[in-house]
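What follows is a short report on a single structure.
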Amino acid sequence: NVALNAVAGRPKEEYGLEPQGLDEIRPGCWQVDERVKDMNAGGILGSMCFPSFPGFAGRLFATEDHEFSLALVQAYNDWHVEEWCGAYPARFIPMTLPVIWDPVACAAEIRRNAARGVHSLTFTENPAAMGYPSFHDFEHWKPMWDALVDTDTVLNVHIGSSGRLAITAPDAPMDVMITLQPMNIVQAAADLLWSRPIKEYPGLKIALSEGGTGWIPYFLERVDRTYEMHSTWTGQDFGGKLPSEVFREHFLTCFIADPVGVATRELIGVDNICWEADYPHSDSMWPGAPEQLHEVLTANQVPDDQINKMTYQNAMRWYHWDPFTHIGKDQATVGALRKAAEGHDVSIQALSKKEKTG
């Protein structure tokens, strides 16, 4: 479903009604001109757009005909880079869709796109759940790891991309799944932190996409305790470093509002945090994100230099992205962006054509 949970601009009563067609979602979800207008209206300068209909790891394109599948992936990547991102230079951080069934072909696709300035790869948080070798099968994924490091490309593991939902029981309320959905990124963080690639590749960069940050201080405390108590018999060795130190060297995290994460940012590492929008999904604060974010940052007395890192500088550094090559900083403020969107309709509108049940 290309419109999966695309509820931006719709009333909360419709959040549980998946759109049945493009006429039931904002045009900004699928038309690039309208997307930039929505970004301007929401005070957002840049965006990295994850793939919806092929899946975050490209599962839709994984057919039995691998030559055909590769052509599909390359066609999507060409469209995304040249037509979507190319329509508004510097407004989007381009992203490569992986050839997940073939690490050698995946490595080639990473290199092909890095040559035109793409330093982001979308990937599953758990390949084993999709029927592929796990992150711990080093030799299988080695061509991909090599390509990521050689091109300084970030591996973005997105929550739920494996298709494994956190459902505790068939009769559990939907609220249980929604609450637990970001938690599978915790499993991915542990899986990757204890994996061989982290030790083999000092330059490996991994982004935990849409996973929040409030859980990270306890996670870092737990991995250090695990290392202290069990590394003697498990054989883990980080070369004299603690797992928490290694985490800060390799991982980028993100938050939407997350007051707890902002309050504990020093324990996480300010250089390891990015703000995210989540447009057009239901966790998004669009179009009022700047005001809500400002409220959280002010309540926690976050200084300007840290705000700058979390809201744009860390993203620029990690993804080789410089929006100011095309846009002056005076035109990149929330006020300037919103002025450019004057007259653009951001009102809440009911769009669903089916009645809510249950």
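In segment 145-177, how many are under 20 Å from Asp102 (Cβ atoms) and free of Cβ contacts under 8 Å to residues at least 40 places away in the same chain?
2
Pick from segment 116-147 the residues that are surrounded by 15 or more Cβ atoms within 10 Å (Cβ to Cβ) and of a type in the set (S, T, N, Q): which of them is nearest to the chain's Cα centre (by Cα)?
Thr122
Look at segment 247-283 and say how many of its residues are over 24 Å from Arg317 (Cα atoms) and small (Gly, Ala, Ser).
The number of residues fulfilling the criteria is 1.
This table checks each residue for (1) touching a residue at least 24 places away in the same chain (Cβ under 8 Å); (2) touching a strand residue (DSSP E or B) at 6+ places or on another chain (Cβ under 7 Å); (3) β-branched (Val, Ile, Thr).
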{"residue": "Gly9", "(1), (2), (3)": "yes, no, no"}
{"residue": "Pro27", "(1), (2), (3)": "no, no, no"}
{"residue": "Lys37", "(1), (2), (3)": "yes, no, no"}
{"residue": "Gly42", "(1), (2), (3)": "yes, no, no"}
{"residue": "Gly46", "(1), (2), (3)": "yes, yes, no"}
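Mind telling me which of the residues Ala108, Ala166 ends up being aliphatic (A, V, I, L, M) and closer than 27 Å to Gly212 by Cβ? Walk me through how you get there before you give the answer.
On the way: Ala108 fails: closer than 27 Å to Gly212 by Cβ.
Sole residue among the options that is aliphatic (A, V, I, L, M) and closer than 27 Å to Gly212 by Cβ: Ala166.
Among residues belonging to segment 152-175 that are part of a loop (DSSP other than H, G, I, E, B) and among the polar types (S, T, N, Q), point out the one that is nearest to Phe255 (Cα to Cα). Explain how you work it out, then say what you get.
The initial filter retains those residues of segment 152-175 that are part of a loop (DSSP other than H, G, I, E, B), namely 152-153, 159-173.
Still in the list and also among the polar types (S, T, N, Q): 153, 161-162, 168.
On the way: Thr153: 21, Ser161: 18, Ser162: 21, Thr168: 25 Å.
The qualifying residue nearest to Phe255 (Cα to Cα) is Ser161.
Yes or no: Glu109 of a type in the set (D, E, K, R), at pLDDT 95 or above, under 28 Å from Ala277 (Cβ atoms) and under 21 Å from the mean Cα position of the chain (by Cα)? Walk me through how you get there before you give the answer.
Values: of a type in the set (D, E, K, R): yes; at pLDDT 95 or above: yes; under 28 Å from Ala277 (Cβ atoms): yes; under 21 Å from the mean Cα position of the chain (by Cα): yes.
Considered against the rule, which asks whether it is of a type in the set (D, E, K, R), at pLDDT 95 or above, under 28 Å from Ala277 (Cβ atoms) and under 21 Å from the mean Cα position of the chain (by Cα), Glu109 comes out as yes.
Please name all residue pairs, on different chains or six or more residues apart, with Cβ atoms under 9 Å, provided the first residue is in segment 341-354 and is over 16 Å from Asp23 (Cα atoms) and the second residue is of a type outside the set (Gly, Ala, Ser) and loosely packed, with under 10 Cβ neighbours inside 10 Å.
Close Cβ pairs satisfying both conditions: none exist.
Give me the strands (runs of 3 or more DSSP E) completely within segment 199-285, filtered to those with at least 2 residues that are of a type in the set (A, V, I, L, M), ordered by residue number. Outline the logic, then answer.
On the way: elements: 206-209, 251-255, 273-275.
Ranges flagged: 206-209.
So that you can scan it fast, the table gives a plain yes or no per residue for (1) buried (at least 19 other Cβ atoms within 10 Å of the Cβ); (2) at pLDDT 95 or above; (3) at negative phi; (4) assigned to a loop (DSSP other than H, G, I, E, B):
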site	(1), (2), (3), (4)
Asn40	yes, yes, yes, no
Leu45	yes, yes, yes, yes
Glu67	no, yes, yes, no
Glu83	no, yes, yes, no
Gly86	no, yes, yes, no
Ala90	no, no, no, yes
Pro94	yes, yes, yes, yes
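So if I check each of Leu204, Leu267, Leu242, Leu220, which one is closer than 30 Å to Gly42 by Cα, aliphatic (A, V, I, L, M) and either in contact (Cβ under 8 Å) with a residue 12 or more places away in the chain or crowded, with 16+ Cβ neighbours inside 10 Å (or both)? I'd like the intermediate steps shown before the answer.
Numbers: Leu204 fails: closer than 30 Å to Gly42 by Cα; Leu242 fails: closer than 30 Å to Gly42 by Cα; Leu220 fails: closer than 30 Å to Gly42 by Cα.
Among Leu204, Leu267, Leu242, Leu220, only Leu267 is closer than 30 Å to Gly42 by Cα, aliphatic (A, V, I, L, M) and either in contact (Cβ under 8 Å) with a residue 12 or more places away in the chain or crowded, with 16+ Cβ neighbours inside 10 Å (or both).
Within segment 342-358, is even one residue buried (at least 19 other Cβ atoms within 10 Å of the Cβ) and modelled with pLDDT of 95 or more?
No, every residue in segment 342-358 fails to be buried (at least 19 other Cβ atoms within 10 Å of the Cβ) and modelled with pLDDT of 95 or more.
If you scan segment 173-208, which residues turn out to be under 21 Å from Arg222 (Cα atoms) and among the hydroxyl-bearing types (Ser, Thr, Tyr)?
Ser195
Give me the pairs, please: first residue somewhere in segment 94-114 and more than 25 Å from Ser47 (Cα to Cα) and without any contact (Cβ under 8 Å) to a residue 24 or more places away in the chain, second residue anywhere and part of a loop (DSSP other than H, G, I, E, B) and aliphatic (A, V, I, L, M), beta-carbon distance under 7 Å, and either six or more positions apart or on two chains.
Taking only residues 6 or more apart or on different chains, not a single pair turns up.
In segment 44-62, which residues are more than 14 Å from Ala75 (Cβ to Cβ) and in contact with a Phe, Trp or Tyr (Cβ under 8 Å, 6 or more places away or on another chain)?
Of all residues in segment 44-62, those more than 14 Å from Ala75 (Cβ to Cβ) come to 44-50, 52, 55-57, 59, 62.
If the condition is that a residue be more than 14 Å from Ala75 (Cβ to Cβ) and in contact with a Phe, Trp or Tyr (Cβ under 8 Å, 6 or more places away or on another chain), then Ile44, Leu45, Gly46, Ser47, Met48, Cys49, Phe50, Phe56, Ala57, Ala62 are the ones that fit.
The values are calculated or read from the model by the stated rules, or taken from the named source; none is laboratory data. Worth saying up front: this structure is predicted, and the values here are computed from it rather than measured. Note that we place each Cβ from the backbone using ideal geometry, even for glycine, and neighbour counts take in every protein chain shown.
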